[in-house]
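In what follows, a single structure is set out as structure tokens and then discussed.
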Amino acid sequence: MAAARRRSIRDQHAQDVATYVAAGGEESVQRVITGLYAVTRKLDQWYQRQFVDLSLSQGEWAVLSALARAPEGCLTPSHLADRSSVAPSSMTHRLDKMSARGLLERRPDEANRTRTLVSLTDDGWALFSTAIREANVVESETLAALSDAERHELARLLEAVITGLDDSEG
């Protein structure tokens, strides 16, 4: 018996759009949202493989990423727990593991000695940078079919949608 042919992402997208339109969705909206979801799902699969290759959990990546993007380069464990949507006790365990690997350091907050600040070490920053450079290769390949002008236009359009999210309740 021949193996069932796996549908392409493009074919799956077309079928999903048709299903949502048949159920009452607006075609132009469904083409965009379903397309965004398909791209995100495919990239997420690649990111998961990348995390395994880098010996990172998704939760550890959330910490690295939050600290790398923090305006002052550090956050409290409670801020990290909030940003990662985990319990503070789970964050403490995660930070212990990452600290033992030399990826981050904890120090008392000079302005408030009851608080602890967490920041990336040089090794933590290097791991974050490696992950970003490797992801950039796949992300660039994902957008390879677009010209530079089309990439800029897509970015502009997505930024307009993101701005609209701030104004929306739904």
Can you check what the Kirkwood hydrodynamic radius comes to for the stretch 57-142, Cα pairs only, in Å to one decimal?
13.3
I'd like the trypsin sites (Lys or Arg not before Pro) in the stretch 93-140 restricted to DSSP loop residues with at most 16 other Cβ atoms within 10 Å, sorted by number.
101
Of [x] 1.48; [y] 0.94; [z] 1.32, the label for Cα Rg over 2.2 N^0.38 Å derived from the coordinates:
[z]
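If I take R0 = 22 Å and measure r between the Cβ atoms of residue 78 and residue 100 in this structure, what FRET efficiency does the formula 1/(1 + (r/R0)^6) give, to the nearest 0.05?
After rounding to 0.05, the efficiency reads 0.60.
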Just want to confirm a number: the relative contact order over the chain, from Cα pairs under 8 angstrom separated by 6+ residues, in percent.
15
Whole-percent carbon and sulfur contribution to the accessible surface of the stretch 57-142 (1.4 Å, no ligands, DNA or RNA) stands at 49
In Å², nearest 10: area of residue 140 left accessible to a 1.4 Å probe:
40
Solvent-accessible surface (1.4 angstrom probe) belonging to residue 52, in square angstrom, nearest 10:
110
Along Cα→Cβ, 7 Å out, is where each label goes; now give me the distance between the ones at residue 148 and residue 22 in nm to one decimal.
4.4
So if R0 is 35 Å, what FRET efficiency would residue 159 and residue 116 give, r being the distance between their Cβ atoms, rounded to the nearest 0.05?
0.50
Going through the stretch 1-81, which trypsin sites (Lys or Arg not before Pro) have at most 15 other Cβ atoms within 10 Å and a DSSP loop state?
5, 6, 7
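Which helices count as membrane-span-like in the chain under these terms: full DSSP H, at least 20 Å along the axis by C-alpha, Kyte-Doolittle mean of -0.5 or more?
For the chain, where a helix must reach 20 Å along its axis and average at least -0.5, the hits are 122-142, 148-167.
The values are calculated or read from the model by the stated rules, or taken from the named source; none is laboratory data. Because the structure is predicted, anything quoted here is derived from the model rather than measured. Note that each Cβ is placed from the backbone with ideal geometry, even for glycine, and that neighbours are counted across all protein chains shown. These accessible areas exclude ligands, DNA and RNA; they are computed on the full protein's heavy atoms, side chains included. Shrake-Rupley method; radii C 1.70, N 1.55, O 1.52, S 1.80 Å.
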